[in-house]
Amino acid sequence: MMLLSMMMVLAAQADAGAASGSAEPMEPATFPGSWATNDDYPARAMHEEREGTTGFRLTIGADGLPSACDIISSSGHGDLDATTCRLIMERARFKPGRDAKGKPVGGTYSNRIRWQIPEGGGLFALGAPGFAVDESGEGWPRRPRPDISMNELLPADHYPAIAREAGEEGIVRMTVDVDAEGRVTGCSVTDSSLSASLDAASCTLMRDKGKFEPALDSAGKPARGVAPVKFNWLLPREEAAGDDAIVTKPVRKFPMSDPGSLTMTMVVGANGTVSDCRFESTGKMAPPSEYGSPCEMFHGPRQFIPFVDADGKPVARRVTMRSELLIEDAPAAAPPK
């Protein structure tokens, strides 16, 4: 269901304006309620149960595409405001206005998105029942599609020397701007590989070699668009043929080479609420700092079914979860018989 209670575009507050002297006003070519969906709620904001209403103003060109997004009233949360403009710039499409001579003209469009987590939402929400936009399927307008030649871009041909020497590997996720001719005009990293050289090389590769079928506007004509893409940098394996097998030279560190441990403990009260949550880690097993402590997922006024005693009465219990990575000597091989 499009934004029913999690997010709602307040269409009654919309204000579309075209250039002065226009004879026909500009209007959305697609339903504004489809520009953001339940699946777009920023995960961190949902975990922290942050809500608010973001007011925005778009500048629309004569081609019906937004060229700029300005926040005119903040939700009070930077990630909600940034997500608003990112989604609207990518998905909003308009039917241009017409001037007195019938020529297409652009203008501005103002609206608001209300970011609201519904009752029972947050980390454990299963989503609202009923109809919803399936983001895994095709929509209209169609987003840019990579040309088949993009499958021929292999890491071995473009690996940055610094990353190769350091043995760095990783996946870089990006968004690329594609013009109406299918050329990449911009690139930004949305999820880093944790290697600066691989991140930079990815966007350089997209700008130099990127080739797409352009997006289509509401009339089915080529238009500017944005495409989410990724590039998986894997170091080439040096192989040499032996008598009976191919021997592969290892080129990176085993991923579980550093001992460590994780411990999370909390009290689940007789009323089903969580308190006294503690998280500790040793070695290199701590989660990335941008995700915060796992205890954050239990913050807020959430209730769970409590534990019960032998008589079926609710009781408080301390819950502890531990995970440990050990590096030990391998057992001696058994002698051949």
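The values are calculated or read from the model by the stated rules, or taken from the named source; none is laboratory data. In this text the structure is predicted, and so the values were computed from the model without any measurement. FYI the Cβ positions are ideal-geometry reconstructions off the backbone, even for glycines, and counts take in every protein chain you see. SASA here: full protein model, heavy atoms, side chains in, ligands and nucleic acids out. Shrake-Rupley method; radii C 1.70, N 1.55, O 1.52, S 1.80 Å.
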- Take region 202-223 and flag every residue that is open to solvent by less than 80 Å² (accessible area, probe 1.4 Å), closer than 15 Å to Ser149 by Cα and out of contact with any Leu (no Cβ under 8 Å at 6 or more places or on another chain). Met206, Gly210, Phe212, Pro214
- Note on the structure: Residues of region 287-337 being small (Gly, Ala, Ser), closer than 21 Å to Asp258 by Cα, at pLDDT 80 or above and assigned to a loop (DSSP other than H, G, I, E, B), in sequence order, are Ala330
- Query: Taking region 59-99, which residues are open to solvent by 40 Å² or more (accessible area, probe 1.4 Å) and more than 21 Å from Lys221 (Cβ to Cβ)?
  - Reply: Asp70, Ile71, Ile72, Ser73, Ser74, Gly76, His77, Gly78, Asp79, Ala82, Arg86
- Task: Would you check if there is a residue in region 76-86 being closer than 14 Å to Asn111 by Cα and among the basic types (Lys, Arg)?
- Result: no
- Message: Cβ contacts < 9 Å: first residue among the polar types (S, T, N, Q), restricted to region 163-179; second residue not in a strand (DSSP E or B), any location; separation 6+ or different chain. Result?
- Response: Thr175/Arg86; Thr175/Glu90
- Message: When you check Thr30 against the structure, is it β-branched (Val, Ile, Thr), within 30 Å of Met297 (Cβ to Cβ) and at pLDDT below 90, yes or no?
- Response: no
- Pairs, please: C-beta under 6 Å, at least 6 apart or cross-chain, first residue more than 15 Å from Arg302 (Cβ to Cβ) and in region 263-279, second surrounded by 14 or more Cβ atoms within 10 Å (Cβ to Cβ) and among the hydroxyl-bearing types (Ser, Thr, Tyr)? Arg278/Thr265; Phe279/Ser293
- Message: One residue is enough: does region 242-260 have a residue meeting the conditions assigned to a strand (DSSP E or B), closer than 28 Å to Gly167 by Cα and modelled with pLDDT of 85 or more?
- Response: yes
- Query: Which ones in region 182-196 are open to solvent by 50 Å² or more (accessible area, probe 1.4 Å) and either under 11 Å from Arg207 (Cα atoms) or in a strand (DSSP E or B) (or both)?
  - Reply: Arg183, Thr185, Ser188, Val189, Thr190, Asp191
- Item | Selection from region 29-69 of residues that are among the β-branched types (Val, Ile, Thr), outside any loop (DSSP other than H, G, I, E, B) and over 23 Å from Pro96 (Cβ atoms) | Thr53, Thr54
